[in-house]
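Worksheet: one structure, shown below.
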Amino acid sequence: MLSRKNKLLLFKLLSLFSVVRGYNILIITLAQYLASIYILSPDSPLYNVILDLNLFLIVTASALVIASGYIINNFYDAEKDLINKPTKSMLDRLVSQRFKLTTYFILNFLAVFAASYISFRAVFFFSTYIFGIWLYSHKLKRIPFIGNLVSASLAIAPFFVVFVYYKNFENVIFVHALFLFLLILAREIVKDLENMAGDMAQNYKTIPIMYGPKVSKVFVGLLVILTLVPALLLINSFDVGYMYLYFLLCIALLGVFIILLWKAKSKKHYVWLHNILKFIIVAGVFSILLIDVDLVLNRIL
């Protein structure tokens, strides 16, 4: 049996993991490596990619900045989350705001320190990334359209830095990026629909609050329809191996999503819609393996 002190420590660790959304960071880290192996550097030996120190430092710096970003976002949204996510908010409050801020600065320092081993450009990128996340959390997220666009852009930034590192400028990369960007942007507006009560209480000027749920649904619907364009391009115009099965599944799920979107009326419905988009995004990470199922084996041999 754990003592009371050890139980409290365990709950604080769980609280910190909840604040930084460790599960999301693990998925993003995996996505960066899979994208590097299968999409950005498909002709390089597998061990060269996995053991690439610069790539490891880029992924590490990205994880540290993303974790710090979740902390500063949690710091500014503390009051709003009491309304929108009361259970999670109570868990998050086991860690003091002072400790969160201290951790925020330490993580950012470690990220820049890791980037300094790569190049000055890496330091500049991650410093700008840190500032962008802070500016979004402090100001921009309260501005309709701008906040959503910035949030989606910050979400794909970790993949952008890996893309620049490998200097791979093939069209298929941009189509993949567009597909992901549109999905994330649609998810951001759905999250605003889901969190209307807390946003309204804290005077956030989101699209649902400024223009109403119906107009917001139109925006989300248009974004989902636009997402079908890169999905169809990736199926018909590029060699994505068996990953075409994933995009066919996406098209079917997005069709169901649009039907449910127009019927949605409550927060519970919007949570389901959010989870559908989240599932598509996470499934997309693992579906990268379908681009060439023999790739890893062949490159090991």
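The values are calculated or read from the model by the stated rules, or taken from the named source; none is laboratory data. Keep in mind the model is a prediction, meaning the values are calculated, not measured. Cβ atoms come from the backbone with ideal geometry, glycine included; neighbour counts cover every protein chain shown.
Within the set of pairs 6 or more residues apart or between chains, which connect a residue that is on the phi < 0 side of the Ramachandran plot inside the range 195-222 to a residue that is of a type outside the set (V, I, T) and not in a helix (DSSP H, G or I) with Cβ atoms less than 6 Å apart?
Once the first residue is on the phi < 0 side of the Ramachandran plot and sits in the range 195-222, its partners that are of a type outside the set (V, I, T) and not in a helix (DSSP H, G or I) give K205/P144; T206/P144; I207/P144; M210/P144.
Restricting attention to the range 132-139, does a residue exist that is among the basic types (K, R), in the same structural domain as I259 (by TED's automatic domain parsing) and at pLDDT below 95?
No, that holds for no residue.
How about the range 156-203: which of its residues are assigned by TED's automatic domain parsing to the domain that holds A63 and under 17 Å from the mean Cα position of the chain (by Cα)?
If the condition is that a residue be assigned by TED's automatic domain parsing to the domain that holds A63 and under 17 Å from the mean Cα position of the chain (by Cα), then I156, A157, P158, F159, F160, V161, V162, F163 are the ones that fit.
Out of S127, S153, report the one residue that is in the same structural domain as I72 (by TED's automatic domain parsing) and more than 19 Å from N54 (Cβ to Cβ).
Matching residue, one of S127, S153: S153.
Could you check the range 20-55 and list, in sequence order, the residues that are buried (at least 18 other Cβ atoms within 10 Å of the Cβ), in contact (Cβ under 8 Å) with a residue 60 or more places away in the chain and within 14 Å of N168 (Cβ to Cβ)?
Q32, A35, S36, I37, Y38, I39, L40, S41, L55
I225 versus (1) within 19 Å of the chain's Cα centre (by Cα); (2) surrounded by fewer than 15 Cβ atoms within 10 Å (Cβ to Cβ): which is the lone unmet condition?
Just one mismatch for I225, condition (1).
If you take the residues of the range 47-84 that are at pLDDT below 90 and aromatic (F, W, Y), which of them is farthest from G198 (Cα to Cα)?
Ranking the candidates gives Y47 first.
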